[in-house]
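Bear in mind these aren't lab numbers, they're just calculated from the coordinates by the rules spelled out. In this text, all values refer to a predicted model and were calculated from it rather than measured experimentally. When we count neighbours, we look across all protein chains shown, and the Cβ atoms used for this are built from the backbone with ideal geometry, even at glycine.
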Amino acid sequence: MSLTINYNGMAANAARNLSNSYSALATSTKRLSSGLRINSSADDAAGLAIRELMRADIASINQGVRNANDAISMIQTADGALQVVDEKLIRMKELAEQAATGTYTSDQRLIIDSEYQAMASEITRIANATDFNGIYLLNGNLSGATHNGSGINSTGKLKVHFGSGNASAEDYYYVQIGTSTASALGVGIGAASTSKGRSISTQQQAQEALDAIKTAIVSKDKIRANLGALQNRLENTISNLQIQAENLQAAESQISDVDVATEMTQFVRQQILTQSAVAMLSQANSLPRMAMNLIQG
């Protein structure tokens, strides 16, 4: 290679190598400081697309877990109210048993019936007042066989959505809660005229009410059993969703996160190359001085 002043090929080569090494060093620094292998689409365009889809699924699944937990809280609210209804029905059967015997007068049965009607009114009050986040649970709003969510307020049974998609077989299911007012259970003065549990003001009515109250208790127990089954199902769903989110997070980490050991090796290598390129560029820049020495000879 000739000794020239206008063009210093060695310096140009050293400068190019320095630029490449410095760029690689900057990439390693960015990856190590962020903990991510993919910081921009330039790092891995396909990997970035896959990662963002996975992150969207993970976020929606985690929200699905919260949705399912909210549904469990709702079910527990309804079940707690029905437990109080259970106590009222048991007291009503006790009063009917009391009024069914012949040792009480008609006036005394009317007194017993007044408490009986008060218990029925309390059952209806509980059913109409029990709500979760403004959603009334026992008054029949959620007893519909079909769900319609097209309006501002959904009607019919309640949809619990927990999956990341919109497939009915895997992403949601419904909570249906029967009406639990006294009239729906067939007890109290508000029940249908054909109901045998309307009153216990006579001995015959009290005897007939015993069977009606038993039927009401069974109806209430079916609602509670259905709620218990739904709660168990939701708890299993939450476990499955948490495992799914955990596995997706691990897969996303494999794509997105940096291997610190490997990247640290690259960092040290590029750091050495950068330092070497700086030293060699300094040496190459001194070569034109040798030509000046010849001129000054």
Practice task
Can you give me the P(r) profile for region 2-83? Cα pairs, bins 5 angstrom wide beginning at 0, each as a whole percent.
Solution key: 3, 11, 9, 10, 9, 8, 8, 7, 7, 6, 5, 4, 3, 2, 2, 2, 1, 1, 1, 0
Exercise for the section: Taking every pair of Cα atoms in region 77-256, average 1/r, invert it to obtain the Kirkwood radius, and report Rg/Rh to two decimals. Expected result: 1.18
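What value, in deg cm²/dmol to 500, does the helix sum -39500 (n - 2.57) over DSSP H runs of n ≥ 4 give at 222 nm once divided by the residues of the chain?
Working: 7 runs with 200 residues, N = 297.
That comes out to -24000 deg cm²/dmol.
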Exercise for the section: Multiply the residue gap between L32 and R16 by 0.36 nm, knock off their C-alpha separation, and tell me the result in nm, one decimal place. Expected result: 3.3 nm
Practice task
Please state the charge dipole magnitude for the chain, taken about the Cα centre, from unit charges on C-beta atoms (+1 on K and R, -1 on D and E), reported in debye and rounded to the nearest 20.
Solution key: 820
Problem - Set of lysines with alpha-carbon distance to K220 below 21 Å, sequence-local pairs under 8 removed - result: K88, K93, K157, K196
Practice task
In square nanometres and to one decimal, what's the mean projected area of the convex hull around the Cα atoms of region 167-297?
Solution key: 17.6
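How high is the relative contact order of region 77-256, in percent, counting Cα pairs under 8 Å that sit 6 or more residues apart? Kindly include the intermediate steps, with their values, before the conclusion.
Values: 256 pairs, mean separation 41.3, N = 180.
Once divided by the residue count of region 77-256, the mean separation gives 23 percent.
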Practice task
Output ³J(HN,Hα) for region 28-44: one whole-Hz value per residue in order, computed from phi by the Karplus curve 6.51 cos²θ - 1.76 cosθ + 1.60 with θ = phi - 60°, and x for Gly and Pro.
Solution key: 5, 4, 5, 5, 5, 6, 8, x, 10, 6, 10, 9, 8, 5, 5, 5, 6
Practice task
Tabulate in residue order the Karplus-calculated ³J(HN,Hα) for region 59-71, using 6.51 cos²θ - 1.76 cosθ + 1.60 with θ = phi - 60°, rounded to whole Hz; enter x for Gly and Pro.
Solution key: 5, 5, 5, 4, 5, x, 4, 5, 4, 5, 5, 5, 5
Problem - Interchain or long-range residues, amide H under 5 Å from L142's placed H - result: I177
Problem - Compactness of region 43-175 as Cα Rg over 2.2 N^0.38 Å, two decimals - result: 1.70
